Amino acid sequence: MAQAVRSWLVLFVLCLYSFCAHAQDSTSPKGEEVYQQGLGYLARSDIFQAKLLMEKAVELNPNNAGAWLDLSLIHCQLGDVDRANQIWDEIEARFSPPLSLRAVINQGRSRGCLQESAMREVELEVARGHTSNMNQGVSSLSLELPSAVGPVPVQLLPQYGKTPDAYTQISGALRLASPGAGANAQLSFQQRDNDQLKSLNVLSVGLDTSIPQHTEFGRLDWGAGLAQATLGGAPFQRSTRLRLGLRPRAQPLPGWDLILGVAASQVDYTAYANMSARPRDLQLSLSREWVGSRLEVYAQHSTDSAKETRPGGDKSGNRLGFNLLQVMGMLRDKSVFFKLAWDAQSWRGSQAYSPGLIDEARNQLISTTSVALLLPQSKTELWSLEARHQRNQENVKLFEYEARSLQLSYRKTWGY
């Protein structure tokens, strides 16, 4: 969320209910439905979609005081002080708000919406889940390995097959943003504790920073990140990443938001002397929003150079996917969201994976499909239930696997 109205947000919420009860006109059911959808997006901190819905709500029902109030808050968060002041003028003229709310509005005007201090936000999520294949075990223990003399039959031990397990996952983030449109930073962590396969417990921490820059061509976003992960309590992976994104000022497709990006990473697997990766990515994403829905489509081309001793050598691949978010309806006065996501990434090795044992280059396709129900409890609380299916298809059957998982999670956000 943008840096806005933090010191008086609590007072704003306390005043909102009494004010809305006094001034709300329920003569437009469609406008009320759109307004509730907008509140759902505010609960998810999706400020741009919330703005679209609140504008539609006041268009359908100009007497919806709550929608006007939330729209003024959104413009404050976006730094559009002039429009926020115009809406406050409209609220005072149309609804005659109580003195307590007038004091809040006057305080917002005197501060120009944006605060001088940095914004801080803390997020914590707790999840409980189950997966059918925690260890990414092969689909069949009886398989054939490609070799120079033809397929070689192999019978694997049971521990290399699918192993289901349940897990508890805790993740969190601390986000900092400087006043105005300055630098942003995020410190995050994730810990997954498996019920049985303790050797596959994961702990990861990361630091990510970004700096926006507005140019005549559009907005540039410079970013850098560091991450460290452990597996089973032992150091496993360390990575660094640099990226640059461009949102062109002149968008080529009406109604769509286009972002172009490049990124370069260095990934070291500390437990293996001959394992490293240096992926270079070219990215493109398109997003569009309608009332009650949002669609994002993305594509990526990657090349990954490695140490000479890495099995399979260099590799290249492509990625394609989409995310769809749709309001399904209302449940106990709360909007229910449906999310559908699909992601597919291909990789092709440049040389035989293990000459003399596996004499073919790996050619893999990893596809992931997920569906989720999201139920915001408030602007800072969210429940979600997600089902996921992942499949890795390869020409070398030794590495193929399939997994299905189900996860229930609760997320809470605090802003300062």
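The values are calculated or read from the model by the stated rules, or taken from the named source; none is laboratory data. Note that the coordinates shown come from a computational prediction; the quantities given were computed from them, not determined experimentally. Heads up, the Cβs are rebuilt from the backbone with ideal geometry, glycines too, and the neighbour counts pull from every protein chain shown. Surface accessibility is based on the protein's heavy atoms, side chains included, excluding ligands, DNA and RNA. Shrake-Rupley method; radii C 1.70, N 1.55, O 1.52, S 1.80 Å.
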For the structure I just gave you, tell me whether residue 337 is more than 22 Å from residue 240 (Cα to Cα), open to solvent by less than 20 Å² (accessible area, probe 1.4 Å) and of a type in the set (Phe, Trp, Tyr).
yes
Enumeration of residues in the stretch 77-107 that are buried (at least 18 other Cβ atoms within 10 Å of the Cβ) and at pLDDT 80 or above:
84, 85, 87, 88, 91
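Would you point out which residue out of 360, 394 is open to solvent by less than 20 Å² (accessible area, probe 1.4 Å), over 30 Å from residue 41 (Cβ atoms) and more than 22 Å from the chain's Cα centre (by Cα)? Break it down into steps so the answer makes sense when it comes.
Details: 360 fails: open to solvent by less than 20 Å² (accessible area, probe 1.4 Å).
Sole residue among the options that is open to solvent by less than 20 Å² (accessible area, probe 1.4 Å), over 30 Å from residue 41 (Cβ atoms) and more than 22 Å from the chain's Cα centre (by Cα): 394.
Residues of the stretch 221-230 being open to solvent by less than 60 Å² (accessible area, probe 1.4 Å) and not small (Gly, Ala, Ser), which ones? Full working, then the answer.
Just the residues of the stretch 221-230 that are open to solvent by less than 60 Å² (accessible area, probe 1.4 Å), to begin with: 221, 223-225, 227, 229-230.
Hits for the stretch 221-230 are 221, 230.
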Scan the stretch 128-158 for residues that are at pLDDT below 75 and surrounded by 15 or more Cβ atoms within 10 Å (Cβ to Cβ) and jot them down.
143, 145, 146, 147
Quick one: residue 70 ticks every box in (1) modelled with pLDDT of 80 or more; (2) charged (D, E, K, R); (3) open to solvent by 20 Å² or more (accessible area, probe 1.4 Å) except a single one, so which number is it?
(3)
Taking residue 302, is it closer than 26 Å to residue 269 by Cβ, within 29 Å of the chain's Cα centre (by Cα) and assigned to a strand (DSSP E or B)?
yes
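Listed residues 249, 310; which is farther than 20 Å from residue 226 by Cα and open to solvent by less than 40 Å² (accessible area, probe 1.4 Å)? First the steps, then the outcome.
Details: 249 fails: open to solvent by less than 40 Å² (accessible area, probe 1.4 Å).
On inspection, the qualifying residue turns out to be 310.
Conditions (1) in contact (Cβ under 8 Å) with a residue 60 or more places away in the chain; (2) open to solvent by less than 70 Å² (accessible area, probe 1.4 Å), marked per residue:
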residue	(1), (2)
160	no, no
169	yes, yes
175	no, yes
184	no, yes
187	no, no
195	no, no
204	no, yes
207	no, no
211	no, no
